[in-house]
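Let me begin by presenting the structure, written as C-alpha cells, before commenting on it.
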Protein chains: 2
Amino acid sequence: MNKIYDVAIIGAGPAGMTAGIYASRAQLDYILLEKGFAGGQIINTYEVENYTGFSSISGFDLAQKMQEHLQYLGGSITMAEIKAIRLTENGLKEVETESGSFLAKTLIIATGATARKLGVPGEEQFSGRGVSYCATCDGAFYKDKTTIVIGGGDVAVEDAIYLARMCKKVYIAHRRDEFRAVKNLQTKLLALPNVEVLWFTEAEEIKGNDFVNAISLVQNQTGEKTELAVDGVFIAVGSTPNTEFVGDLVEKDGQGSIITNSKCQTSVDGIYAAGDLRSGSVRQIMAACADAVAAVMDIDKQL
Amino acid sequence: MNKIYDVAIIGAGPAGMTAGIYASRAQLDYILLEKGFAGGQIINTYEVENYTGFSSISGFDLAQKMQEHLQYLGGSITMAEIKAIRLTENGLKEVETESGSFLAKTLIIATGATARKLGVPGEEQFSGRGVSYCATCDGAFYKDKTTIVIGGGDVAVEDAIYLARMCKKVYIAHRRDEFRAVKNLQTKLLALPNVEVLWFTEAEEIKGNDFVNAISLVQNQTGEKTELAVDGVFIAVGSTPNTEFVGDLVEKDGQGSIITNSKCQTSVDGIYAAGDLRSGSVRQIMAACADAVAAVMDIDKQL
C-alpha cells in the first residue's frame, strides 16, 4: 500500500495493453490491472481486417500478439477486479480492488464497453442456453441449426455472416429498414443464400423449454406479430461503457462515457481515459490504441 | 477528368494506407496518390517496437504489411506527384498532379513530414557522400568507421544505437545537456561502450574532400571549437510537414502543420488531414493510422 506507481492502467484491452507498451518503453513504473482476459472485446471478434498491418486475423490472435508485445518489452498484467477509484488527500489516485489497493500518480481508465441487453422476456432466462451476445464465442454450437441475429450495426452484420457459415439458416432482424453497418459487410451479407433479412422487426419475447426454441417478433410499422422457430438468438445491439466503478469522480456524458480532450485527459488532473469508454470514441481498435499513446505521452511529459 | 471520386487520398504512409483500407471496406470510390514509395517515413526506420501487435519489426517490413493489407482489400496506390490542390466552383476538390488532375468530393491530406536540415556549410555539398538523414538507410556503408549523430530526440538516439552496432565509434552531439528521447532509449544508448555523448555541442561545418572526413563542432556554453575526424554525419534534428502544395487552402499553424479538429476535419469542408502533418500530432504510427480512421469514418457519414 506504500508503493506509489507512476501510472495505474485499468483494463488490458488494446488501449490498456498499448498504454503498457508505451509505459514500458518510457520506463515508467506502472501496474496494468485486468479482471478477466487480456484483449477486451476483440477476444470475441471472429475476424479483424481493419487493424492496419494485419490483413485478416482473429481478434483472439490479435489480442495474443498484443500481449506478447507487452511481455517482449518486459510488461505484465496483474489480475484484479476494480471496486472503486478515488483521489487521496495528496492528489494521488487510489485504485481499490478485491485484492488490495494501489496508489499511483496518474491513472488511465481503459475498461472498454460491454454488450447491451435487449430487455425482453426470456432474454435473461435463456442466456447461455440459446441466447448469446457473442456469435464468435458460441456460433460453433449452432452447426446446421437456425439462428437469428438482432441488430443492424457492424457487429450484427458480421455476426450474421459468421453464423451463415455454419448454420442452416440465419435471420437478421433490424428495427429500421437499413443497416448502419459498412457497405462491404452489407454486400457480403446480402449475397449469402441462407440469410434472410427482416426489416422493421423487433424482438418481443424469447421462448423455449430448457433451451431456446422460438422467438416472437413484431413488425413495428404494421404491428404484425410472428413467431419463428430458432435454436439460437444472437443479440448485437451495441454496448455500454464499463465506467460504473468510476462513479462521479470524472465527468461523463449521458451514456456514461468519459469526457476527455484530445490528449485523453479527463476532468481530473492526472486521470486519463482511453478506448471505447471515451465519449465520442469511434470504437475502433486503432483508435483505442492511439488514445493510449496520447495518454502515456502526455503522462511522460507531466511526470 | 470527368470522373468524380468519393475520396482522394494524398500520400501512402501509414495514415494514407489506413485511409485506403477503411475506404475499401466502406466501398468508397477512392484514389490513393503517392509520389514515391508506400510507407512514408517508416521505410527508413530500422526497428519499430511501438506499433501494438508487432513486438519488433523493421519499418520497411511494416510498410509492406500495410500495403499487402490494402491490396488484400482490393485497394491500390496510384503513382503521381502532387502539384497543387484547389476547390472547384462546385466545392469539389481538384488534385493537380504531373500526370493530370483528379476530382473528388472529399480529400484526405496525408503527405507526412520530411527530415529537417542543419543548414551548415558542407551539409548540402556532402549529402549522399557522408551526410545522411537516415541511419537505417545508410548505416551499413559505415561498417567499422566513425560516425556522428546530430540531435537529441528519439530518432537521434535510435540512430546512434543502430550505428553503434556496426561502427567502430559513434558520437552523438546535442545542443542541450539532456536528450528529449524516451528514457529506455537513453539507457540503451548510455550502456554502449563505443558511444560518446557530446553535450551542449552544435555542428558548425562539415568537411571533406570527395567524402566527409571531419566535422567542426562548437561547445555552445564555452564557445570552444573542436574538429573531429568522422566518416559519416547523421542528421536527426526533426522534420517539416509536407504541406507546401496545400498553399493557404486550409488553415495551418506557424510550422506549416495543418490545423484540424478531433475528426481530422480542416478549416475547409470535406478536406481532412491525417498523420504527422497535422498540427499537434504526436508523430507516432498508430496515431497517424487512427487519424485516418477518424477521417474516413466521418467521410462515410457525410457522403
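Overview of results
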{"item": "Search result, residues across segment B:253-264 that are buried (at least 20 other Cβ atoms within 10 Å of the Cβ) and among the polar types (S, T, N, Q)", "result": "B:Thr260"}
{"item": "Residue check for B:Val182: more than 20 Å from B:Glu124 (Cα to Cα) and modelled with pLDDT under 95", "result": "yes"}
{"item": "Pairs, first free of Cβ contacts under 8 Å to residues at least 24 places away in the same chain and more than 17 Å from B:Glu47 (Cβ to Cβ) in segment A:19-31, second open to solvent by 20 Å² or more (accessible area, probe 1.4 Å) and of a type in the set (A, V, I, L, M, F, W, C), C-beta under 8 Å, six or more apart", "result": "A:Gln27/B:Val182"}
{"item": "Condition check for B:Leu192: open to solvent by less than 80 Å² (accessible area, probe 1.4 Å) and more than 30 Å from B:Leu277 (Cβ to Cβ)", "result": "yes"}
{"item": "Which listed residue is of a type in the set (Lys, Arg), assigned by TED's automatic domain parsing to the domain that holds B:Gly151 and open to solvent by 70 Å² or more (accessible area, probe 1.4 Å), from B:Lys168, B:Lys207", "result": "B:Lys168"}
{"item": "Residue within segment A:123-145 that is touching an Asp or Glu at 6+ places or on another chain (Cβ under 6 Å) and surrounded by fewer than 18 Cβ atoms within 10 Å (Cβ to Cβ) present", "result": "yes"}
{"item": "Residue ranges of strands (runs of 3 or more DSSP E) in segment B:92-201 with at least 3 members over 24 Å from B:Val212 (Cβ atoms)", "result": "B:93-97, B:100-109"}
{"item": "Residue tally, condition closer than 20 Å to A:Ala15 by Cβ, in a loop (DSSP other than H, G, I, E, B) and open to solvent by less than 10 Å² (accessible area, probe 1.4 Å), over segment B:276-299", "result": "0"}
{"item": "Contacts under 7 angstrom Cβ, first residue in segment A:275-303 being at the interface with chain B (Cβ under 7 Å from one of its Cβ atoms), partner open to solvent by less than 10 Å² (accessible area, probe 1.4 Å) and of a type in the set (Ser, Thr, Tyr), 6 or more apart", "result": "A:Met286/A:Tyr51; A:Met286/A:Thr52; A:Cys289/A:Thr18; A:Cys289/B:Thr52; A:Val293/A:Thr18"}
{"item": "Any hit, segment B:243-252, residues being in a helix (DSSP H, G or I), of a type outside the set (A, V, I, L, M, F, W, C) and open to solvent by 30 Å² or more (accessible area, probe 1.4 Å)", "result": "yes"}
{"item": "Residue in segment A:220-242 that is farthest from A:Ala273 (Cα to Cα), counting only those that are in a strand (DSSP E or B) and open to solvent by less than 50 Å² (accessible area, probe 1.4 Å)", "result": "A:Leu228"}
{"item": "Selection within segment A:58-73 - more than 9 Å from chain B (Cβ to nearest Cβ), open to solvent by 30 Å² or more (accessible area, probe 1.4 Å) and in contact with a helix residue (DSSP H, G or I) (Cβ under 6 Å, 6 or more places away or on another chain)", "result": "A:Phe60"}
{"item": "Qualifying residue in segment B:203-213 (condition: assigned to a loop (DSSP other than H, G, I, E, B) and either aliphatic (A, V, I, L, M) or in contact with a strand residue (DSSP E or B) (Cβ under 8 Å, 6 or more places away or on another chain) (or both))", "result": "no"}
{"item": "Filtered residues of segment B:254-303 (kept if among the hydrophobic types (A, V, I, L, M, F, W, C), more than 17 Å from the chain's Cα centre (by Cα) and under 17 Å from B:Leu28 (Cβ atoms))", "result": "B:Cys264, B:Ile271, B:Val293, B:Ala294, B:Ala295, B:Val296, B:Met297, B:Ile299, B:Leu303"}
{"item": "Residue list for segment B:65-92, restricted to those being within 25 Å of the chain's Cα centre (by Cα) and either touching a residue at least 60 places away in the same chain (Cβ under 8 Å) or closer than 21 Å to B:Glu244 by Cβ (or both)", "result": "B:Ile77, B:Thr78, B:Met79, B:Ala80, B:Glu81, B:Ile82, B:Lys83, B:Ala84, B:Ile85, B:Arg86"}
{"item": "Among the residues listed as B:Glu205, B:Glu244, B:Glu224, the single one being among the acidic types (Asp, Glu), farther than 29 Å from A:Leu73 by Cα, more than 14 Å from every other protein chain (Cβ to nearest Cβ) and in contact (Cβ under 8 Å) with a residue 40 or more places away in the chain", "result": "B:Glu205"}
{"item": "Qualifying residues in segment A:3-30 (those that are more than 24 Å from B:Leu62 (Cα to Cα) and open to solvent by 10 Å² or more (accessible area, probe 1.4 Å)) - the one nearest to the other protein chains (Cβ to nearest Cβ)", "result": "A:Gln27"}
{"item": "Qualifying residue in segment A:88-106 (condition: at pLDDT 90 or above, on the phi > 0 side of the Ramachandran plot, of a type outside the set (Phe, Trp, Tyr) and surrounded by 14 or more Cβ atoms within 10 Å (Cβ to Cβ))", "result": "no"}
{"item": "Flag if B:Ser76 is more than 19 Å from B:Ile4 (Cα to Cα), surrounded by fewer than 16 Cβ atoms within 10 Å (Cβ to Cβ) and at pLDDT 90 or above", "result": "no"}
{"item": "Filter result for B:Glu34 (surrounded by fewer than 22 Cβ atoms within 10 Å (Cβ to Cβ) and within 27 Å of B:Gly238 (Cα to Cα))", "result": "no"}
{"item": "Near pairs, Cβ below 6 angstrom, 6+ apart or cross-chain, from segment B:1-17 (closer than 16 Å to B:Asn90 by Cβ) to any residue that is among the charged types (D, E, K, R) and assigned to a strand (DSSP E or B)", "result": "B:Asp6/B:Lys105"}
{"item": "Considering residues of segment A:37-57 that are part of a loop (DSSP other than H, G, I, E, B), more than 9 Å from chain B (Cβ to nearest Cβ) and in contact (Cβ under 8 Å) with a residue 40 or more places away in the chain only, the residue nearest to the chain's Cα centre (by Cα)", "result": "A:Thr45"}
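Residues are listed down the side, and each one gets a yes or a no for (1) over 17 Å from the mean Cα position of the chain (by Cα); (2) open to solvent by 60 Å² or more (accessible area, probe 1.4 Å); (3) of a type in the set (Asp, Glu):
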position: B:Thr111; (1), (2), (3): no, no, no
position: B:Thr114; (1), (2), (3): no, yes, no
position: B:Gly119; (1), (2), (3): yes, yes, no
position: B:Gly151; (1), (2), (3): no, no, no
position: B:Ala156; (1), (2), (3): no, no, no
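The values are calculated or read from the model by the stated rules, or taken from the named source; none is laboratory data. Everything numeric here is computed off the predicted structure, so don't read it as measured data. Neighbour counts run over all protein chains shown; Cβ positions are idealised from the backbone, glycine included. All accessible areas refer to the heavy atoms of the entire protein, side chains included, with ligands and DNA or RNA removed. Shrake-Rupley method; radii C 1.70, N 1.55, O 1.52, S 1.80 Å.
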